[in-house]
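The values are calculated or read from the model by the stated rules, or taken from the named source; none is laboratory data. All values reported here derive from a predicted model rather than from experimental measurement. Cβ sites come from the backbone with ideal geometry, for glycine too, and all protein chains shown count toward neighbours. To get the accessible areas, we keep the full protein, side chains included, count just its heavy atoms, and leave off ligands, DNA and RNA. Shrake-Rupley method; radii C 1.70, N 1.55, O 1.52, S 1.80 Å.
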Amino acid sequence: MRLFYAIFPPRTVQRTLAEAQRSLRGNWKPVREDQIHLTLGFLGDVPEAELARVRRAGREAARASGPFVARVRGTGFFPGEGRPRVWFARAEGDGFEPLALALREALPEFLADERAFKAHLTLARRKGPAPRVAPVVFDLEFPVEAFALVESRLTPRGPQYTVLDTFALKE
Ligand code: 2AM
């Protein structure tokens, strides 16, 4: 099972972020509006026998972290082969990093990643020649009260996400 932990912003935030996708030109593939999310940790392929442990790690990380406010102000790129590969909205919030670290510590064999965690919501992926996207300024805030364990199935029409579990951040 291909799994990841993610925060899905409210629909209104997803809508505003998706509106910015209108400025895309060329071979940028926009992320579907209802799939716009912030990845806390990408586990990759996990044997089904480990699923209970993965759920438990989510529950325990959620219990150790209170709700917090997320802010989204601007956009940026992740490079790939010298060119922008991913166009994202940058997220700020006190709780992202502690959550990502707690999950990483609980499941090092799935979440060990030499790259530093960088809170972002991917808006589009470059699939071929495409110009850079002009920066977009947002003024978005939303409460983060839960995160999800998501299964991703790759299909010819794009990834299909199924939420397997939701973990509430306890006050
Ligand atoms: P991205 O948005 O920065 O591309 C589901 O695939 C989520 O897991 C995506 O949001 C993706 O991040 C993230 N992810 C992190 N590492 C990944 C990897 N090696 N392969 C696929 N997705 C990855």
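Ignoring aspartates and glutamates fewer than eight residues from residue 118 along the same chain, the ones with Cα atoms less than 15 angstrom from its Cα are 92, 94, 97.
Amide H to amide H, with H built 1.01 Å from N, residue 136 comes under 5 Å of 75, counting only residues 5 or more places away or on other chains.
Think of the chain as having a plus end and a minus end, set by charges on the Cβ of Lys, Arg, Asp and Glu; of 42, 66, 131, 131 sits farthest toward the positive end of this dipole. Enter the Cα centre distance for the pair the range 1-47 and the range 54-85, rounded to the nearest angstrom. Each part's Cα centre sits 11 Å from the other's. Within a straight-line Cα-Cα reach of under 16 Å, residue 127 can be paired with the following lysines, leaving aside sequence neighbours fewer than 8 residues apart in one chain: 29. When nucleic acids and ligands are ignored and a 1.4 Å probe is applied, residue 25 ends up with an accessible area of around 140 Å². Surface composition of the chain: carbon plus sulfur atoms hold 50% of the accessible area, using a 1.4 angstrom probe and ignoring ligands, DNA and RNA.
Legend: residues 161, 5, sorted from most to least accessible area (1.4 Å probe; ligands, DNA and RNA excluded), read 161, 5.
Determine the shape class of the chain: with a ≥ b ≥ c the square roots of the Cα gyration tensor eigenvalues, call it rounded for a/c under 1.5, and otherwise prolate if a/b is greater than b/c, oblate otherwise. Here the chain falls in the prolate category.
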